[in-house]
1. Whole-Hz Karplus ³J(HN,Hα) for the range 51-56, in order, using 6.51 cos²θ - 1.76 cosθ + 1.60 and θ = phi - 60°, x for Gly and Pro?
2. Restricting attention to the alpha-carbon atoms of the range 238-363, what are Rg (one decimal) and Dmax (integer), both in Å?
3. Pairs LYS307/LYS404; LYS163/LYS404; LYS106/LYS307; LYS226/LYS307: which are spaced more than 32 Å apart, C-alpha to C-alpha?
4. I need the phi-derived Karplus couplings for the range 37-47: 6.51 cos²θ - 1.76 cosθ + 1.60, θ = phi - 60°, integer Hz, Gly and Pro marked x.
5. Rounded to the nearest 0.05, what FRET efficiency do ASP81 and ASN423 give with R0 = 45 Å and r taken as the Cβ-Cβ distance? Could you check?
6. Would you tally the net charge around VAL73, using a Cβ to Cβ cut-off of less than 15 Å, leaving VAL73 out, and scoring K and R as +1, D and E as -1?
7. With the other protein chains left in place, how much accessible area per residue, in square angstrom, belongs to the range 63-194 at a 1.4 angstrom probe?
8. Can you pull the semi-axes for the range 76-159, root of five times each eigenvalue of the Cα gyration tensor, sorted largest first, whole Å?
Amino acid sequence: MKLKNILPIFITLLMLSCNSNTVTNQADYSPYFSTEIDRTKLLEDVNFWTTRIENSTSSYSYLISRANANTEVFNVTGEIDYLIKAEEDLLEANKIVKDSDAGLLKNIAANYISQHRFKEALVLLKKAEANGAKLNGTKKMLFDVHLELGNYIYAEAYLKDLKNTSSFDYLIRLSKLEDHKGNLDGAIEHMEKAMAIAESSNLKGMKLWSYTNIADFYGHAGDIDKSYSYFLKALELDPNNAYAKKGIAWIVYSHEKNPEEALNILNHITSYHNTPDYDLLKAEIAEYNNDLKLKAEFLTNYQAAVKNDRYGAMYNKYNVMVFSEDLLIPERALEIAMQEVENRPTPQSYDLLAWSYFKLGDIKRANNITEEFVDGKTFEPAVLYHVAEIYKAAGKTAEIQPLKTELLASIYELGPTMVSKINQL
């Protein structure tokens, strides 16, 4: 075959190979990227209940209603002040009934879960359990909190007590437990069953929850097309859903290696829903794009945001990594990691502690913590990378190759900045 005949074929094949990673299409998601928040409208419910409280001698139910309205504002905007205002109203309402309303105790516990105050949430849920009202709902939340605290035996016991394979709430929790155990296939199977129930029930909240969670699971399993399609289905239901848009941004960045478009998407999200972790994701993308000045700018924004005391322990995990990796202040990272282990003694928290010691050069202590509290107890790729680095430093070369193989299979979840680090293991 002559060169002039081969050349067009070669160019076509080259173009196809260059576009082989393309899953998204801007035309699919751009219709959802015109969100603007009308604050006056958003605060209508809050102001309505405030007026009722001011003009009433019996404010108990109105306080709860205003707390729920403030929680919704927090969910839309990500602004921590509204979550704290909700907490204040719920606590004021609880003073009136003195822990006698199990539903209110669960409402306060849900607020504390959002603030990562899991031990305090557990205390309230135990009170609600003793109350006995609507006990199944209390047990579901007890499963959630025990799982977050690393009390896996208690979590499984509560889930066993709730067993009902035709229940959406049971299946999503079973899925979450299987994911914790590293059984991604099982997690997906149970989430698909839960999604089917949500769709047959045609309840927006259940469908939205199942679509965003199944999208995450499909992404972790490497099925990026399905992940993308379910994030789009979530946006069809809720065009303002920041989580679904963030999921698409991650696909664009990690899978398609298009940092500019990923930043465009994130900038759109943070125009109406802004939490500190978005600045860290933007910083990572800027680093991948070799724009160190922009990375520094985003890190500065993050640090300024988390100085707000109202965030409490919500960003401890991120702060450990920022102080140990970017700011190179491992002593401060260690302080925060110790606090996180106290608050939430999970394998992930112990990993932060081990990593902080590793960054301080105390390989022996890092290795001991990893062996006792981390290795084999969680399957999160970011944690496995730390395990591999610590074992490498400790001279445990036989353990590194299986970890490296698993990490290379998890590049999508870890992000492209991790490729060279993993290859150097």
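1. 4, 4, 4, 5, 9, 10
2. 15.6, 48
3. Numbers: LYS307/LYS404 36 Å; LYS163/LYS404 37 Å; LYS106/LYS307 29 Å; LYS226/LYS307 38 Å.
Flagged as over cut-off: LYS307/LYS404; LYS163/LYS404; LYS226/LYS307.
4. Computed from phi, the couplings for the range 37-47 are 9, 8, 5, 4, 5, 4, 8, 4, 5, 4, 5 Hz.
5. Details: r = 44 Å, r/R0 = 0.98.
My answer for the efficiency is 0.55.
6. Details: positive: ARG39, LYS41, ARG66, LYS85, ARG310; negative: ASP38, GLU44, ASP45, GLU72, GLU79, ASP81, GLU87, GLU88, ASP89.
That sum, taken over residues with Cβ under 15 Å, equals -4.
7. On the way: 5860 Å² over 132 residues.
It amounts to 44 Å² per residue over the range 63-194.
8. Details: eigenvalues 92, 59, 16 Å².
Over the Cα atoms of the range 76-159, the ellipsoid semi-axes are 21, 17, 9 Å.
The values are calculated or read from the model by the stated rules, or taken from the named source; none is laboratory data. Remember, predicted model here, so these are calculated numbers, not experimental data. Backbone-built Cβ (ideal geometry, glycine too); neighbour counts: all protein chains shown. The protein model used for the area step is the full one, side chains on, heavy atoms only, and it has no ligands, DNA or RNA in it. Shrake-Rupley method; radii C 1.70, N 1.55, O 1.52, S 1.80 Å.
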